[in-house]
Amino acid sequence: MNIVASATEAPASHSASMAGLSLAVEGVDLRFGGIHALRNVSFAAAPGQITAVIGPNGAGKTSVFNTISGFYKPAAGRVRLGDKEITQVPVQARAALGLARTFQNIALFHGLSVLENIKLGGHHTMKAGVLSALAYGRATRREEMGLRSEVERKVIDFLEIDHIRHLPVDVLSYGLQKRVELARALAMQPRVLLLDEPVAGMNREETEDMARFILDVQEEWGVTVLLVEHDMGMVMDISSHVVVLNFGEVIASGTPAEVRRHPQVIEAYLGTEAAAPELAPAASDGLAAGKNLAVA
């Protein structure tokens with residue numbers, strides 16, 4: 001899957017106006033009653049780079065995302081966006097600071113068109129209040145037209161979905177619905193983009209398309225990307241840094257090449273005893289080739 005080669009051929013068309021911020025998770029503990037979901041989790045996503053969080057099912061990946069997004073409040077530790085601590089910042093305020101997210105399960109508004117769904121992502125950028133919006137006066141109409149133009153020019157064209165922009169999202173294929181969800185997140189003008197299993201359930205062609213778009217977001221827009229994904233082939237192809245979770249703890253962190261050869265990573269994915277020498281090469285090859293090793 002030569003994802004990198006195809007993505008780098010795309011011409012740069014965006015400025016660095018949305019240059020990515022750093023994201024840091026520092027000593028985060030998360031508990032649900034007697035369940036210790038995250039234990040002293042620390043890692044950083046470098047600005048303008050793609051960082052992946054991987055691990056077997058139940059490792060704590062979505063819990064990390066929900067903590068960063070503000071849906072969960074940690075028992076200890078903190079989350080930093082750039083030079084600002086956001087641990088106690090409300091969810092909606094994090095969006096205004098430049099944090100956007102997609103979800104593992106598609107969360108589009110059925111009954112609305114593709115364009116309408118995407119425009120909802122840019123709602124927080126509008127200045128019209130509730131009364132102005134209800135009255136739908138000249139200033140509100142002008143602002144909405146500006147948002148629509150911005151979405152069509154910067155997002156819809158970028159993700160190559162102009163041909164479906166007026167269709168209801170209900171009639172779209174699964175892969176296109178995932179692309180629309182990415183478009184809505186981009187309409188939020190993010191500086192840090194969280195992608196929760198962006199290619200889950202996709203076929204090979206759809207996966208390669210999505211990987212190309214993610215690379216373009218990082219390379220052309222300069223956005224910091226943090227993704228959770230089970231497709232090891234895509235993770236190893238497009239990520240500059242990989243963090244591995246197992247049972248709520250970070251067991252490895254480094255480049256894709258370093259992580260795929262880490263004994264604890266091999267053990268976590270294969271369930272072997274301390275990665276016996278004869279198993280380590282096979283496990284490493286499997287991770288590199290994109291095999292899901294029975295935990296996809």
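The values are calculated or read from the model by the stated rules, or taken from the named source; none is laboratory data. Small disclaimer: the values here were computed from a predicted structure and weren't measured. Here the Cβ is made from the backbone with ideal geometry for all residues, glycine too, and neighbour counts use every protein chain on show.
Quick rundown of the values:
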read-out: Search result, residues across segment 209-240 that are part of a loop (DSSP other than H, G, I, E, B) and crowded, with 21+ Cβ neighbours inside 10 Å; value: Val223, Glu229, Asp231, Ser239
read-out: In segment 234-250, the residues that are of a type in the set (D, E, K, R) and within 22 Å of Asp29 (Cα to Cα); value: Glu249
read-out: Subset of segment 92-102 [surrounded by fewer than 17 Cβ atoms within 10 Å (Cβ to Cβ) and within 24 Å of Gln177 (Cα to Cα)]; value: Gln92
read-out: Subset tally (residues that are in contact (Cβ under 8 Å) with a residue 12 or more places away in the chain and either hydrophobic (A, V, I, L, M, F, W, C) or closer than 28 Å to Gln189 by Cα (or both)) for segment 17-48; value: 21
read-out: Selection count where residues are surrounded by fewer than 20 Cβ atoms within 10 Å (Cβ to Cβ) and either of a type outside the set (S, T, N, Q) or outside any helix (DSSP H, G or I) (or both), scope segment 177-207; value: 6
read-out: Subset tally (residues that are of a type outside the set (D, E, K, R), surrounded by 21 or more Cβ atoms within 10 Å (Cβ to Cβ) and modelled with pLDDT under 95) for segment 242-261; value: 1
read-out: Residue in segment 207-226 that is touching a Gly at 6+ places or on another chain (Cβ under 6 Å) and of a type in the set (Gly, Ala, Ser) present; value: yes
read-out: Residue that is nearest to Met188 (Cα to Cα), among those in segment 49-73 that are surrounded by 20 or more Cβ atoms within 10 Å (Cβ to Cβ) and in contact with a Ser or Thr (Cβ under 6 Å, 6 or more places away or on another chain); value: Ile50
